[in-house]
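Read the structure below first, then the notes.
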Amino acid sequence: MLVGLLLLGGGALAGAFGALLGLGGGILIVPLLTLGFGLPLREAAGVSLISVIVTSSAAAGVYLERHVVNLRLGMTLELFTATGAFIGGSIAFLLDDRVLSVLFGALLLYSAVTMARAKTEVGLEEGITPDTDDETDTHVRPPAATDPDRLSGPDYRVRNLPLGLVGSTFAGIVSALFGIGGGIVKVPLMHLAMGVPLRVATATSNMMIGITATASAVIYLTRGGIDPYVAGPTAIGVFLGATAGSRLAHRVDGRYLRLLFVAVLLYTASQMLLRGLG
Amino acid sequence: MSGASPTSRTSTAERFSGRLLISFTYVAIALLVIGVVLMLANGISPLEATPIFDLATLRSSVLALDPAAFLWLGLLAVIAAPIGRVIVAGVAYAADADWLMVGISIAILLVIAIGIGAAVAGTV
């Protein structure tokens, strides 16, 4: 019983922490399960994928209702993230757990550096239920279906589509290998390289996570890589934590939280690297 | 629906997809909560051996209040949500005669189906 409650609590902490910082919980769930509960990284990634789908579905549902998502662009890129996730899901079962740990440690280091350099401009990320009191999203007009450039919105033009397709495939591979949403790749890709406004990029990335993670989760599930006894309490915890975190986000000083998060990421990165290399 | 413009139909599809995702999420969470409560009530540790997923016995296991069955159902509901969203969007695009997007919707579903098929066949 204690382990179940610890998974629930740990998932809630990971979800809340992620939501407060504008990240999905995936990047914290995998270290929690591997370092905290001794699960193999592959199994932790499978559980994390489920948690990521739950939280991103809840958030994407709200974004879709508010018409913040660029559905046409998102679905086009989704085809490539899903393909990448299929490739990543296949590779994940070929790689040694220690190799995965080292790669995940490197990803955490990259995330720590990105987070340390991030400005307050960064908005909501994947896997977070948006605060329903915040009506600012409704000011973003939906992309027009009759736009000559079919993937662009009324206020912006999508550029570098080939780069976006390649980057999306990469995001899918990363997502499947490490059980994360992949927003850390997709949001900068859409915003900086493709010219999509940050809020639209964030919402669209959030929606894409569902299919991206599903494409690899079905492989994990079919191959027995997801333990329901672990996934159940963890997913519930992450969902509750992310929901609470998104509602508290406006009341918490993000600067100190960000510093704390960078420290946590650096510590977990070192532990993952030691786990892989030790 | 027949008198609606393509833009309003797509907009309706977005709203419907959004509601579908939210509804599926709550159903999934409810099933997972039932599963976890049963798991804790039966004194099952999450770190025990992983139960086998067997679609054929899922119904009888649910009726027998097997915790793993509710958890499996919850996990299936989690995975079904984004797939349902793609199907809804594909249908909306078909109503708009936007065949490129219909093709993309089908291709996404195919990739997922290939993933399942390959995993079942043991080729991945």
Which whole number gives the average, over all residues in B:44-56, of C-beta atoms from other chains lying within 10 Å of the residue C-beta? 5
Suppose we keep just the alpha-carbon trace of the stretch A:195-271; what are its Rg and Dmax in angstrom? 16.4, 43
Charge context of A:G89, other residues only, Cβ under 11 angstrom, K/R +1, D/E -1: +2
Can you compute the modelled spin-label distance between B:A64 and A:V166, with each label point 7 Å from Cα toward Cβ, in nm? 5.4
Helix-only [θ]222 nm of the protein assembly as shown, DSSP H runs n ≥ 4, -39500 (n - 2.57) each, per residue, nearest 500: -24000 deg cm²/dmol
Quick check: the angle from helix A:254-277's long axis to the longest principal axis of chain A, C-alpha only, nearest 10 degrees? 50
Roughly how compact is the stretch B:13-124, stated as its Cα Rg over 2.2 N^0.38 Å to two decimals? 1.31
How many angstrom lie between the Cα centre of the stretch A:216-278 and the Cα centre of the stretch B:28-81? 22
Percent of all Cα-Cα pairs per 10 Å bin for chain A, counting from 0 up to the last occupied bin, reads 8, 32, 38, 18, 4, 0
Just check the stretch A:1-58 against the gyration tensor rule for me: Cα atoms, a ≥ b ≥ c as the square roots of the eigenvalues, rounded for a/c under 1.5, and otherwise prolate or oblate depending on whether a/b exceeds b/c. prolate
Checking rank on A:78-85, B:97-104, with mean other Cβ inside 10 Å and highest first, the result is A:78-85, B:97-104
Let me know the mean shielding of B:99-107 by other chains, meaning the per-residue number of their Cβ atoms within 10 Å of its Cβ. 3
If we count other beta carbons within 10 Å of each Cβ, what is the order of A:H67, A:H250, fewest first? A:H250, A:H67
With labels modelled as points extended 7 Å from the Cα through the Cβ direction, what inter-label distance (nm, one decimal) is found for A:S270 paired with A:L198? 3.1
What do you get for the angle between helix B:99-121 and the principal long axis of chain B? Use alpha-carbon atoms, 0 to 90 degrees, nearest ten. 20
Looking only at other chains, what is the average number of their beta-carbon atoms within 10 angstrom of each beta-carbon in A:99-108? 0
Simple spin-label model, 7 Å along Cα-to-Cβ: A:D97 to A:L259 in nm? 3.7
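Since every read-out is calculated from the coordinates, none of them should be taken as a lab result. A quick note: this is a predicted structure, and the numbers were derived from the prediction, not measured. FYI the Cβ positions are ideal-geometry reconstructions off the backbone, even for glycines, and counts take in every protein chain you see.
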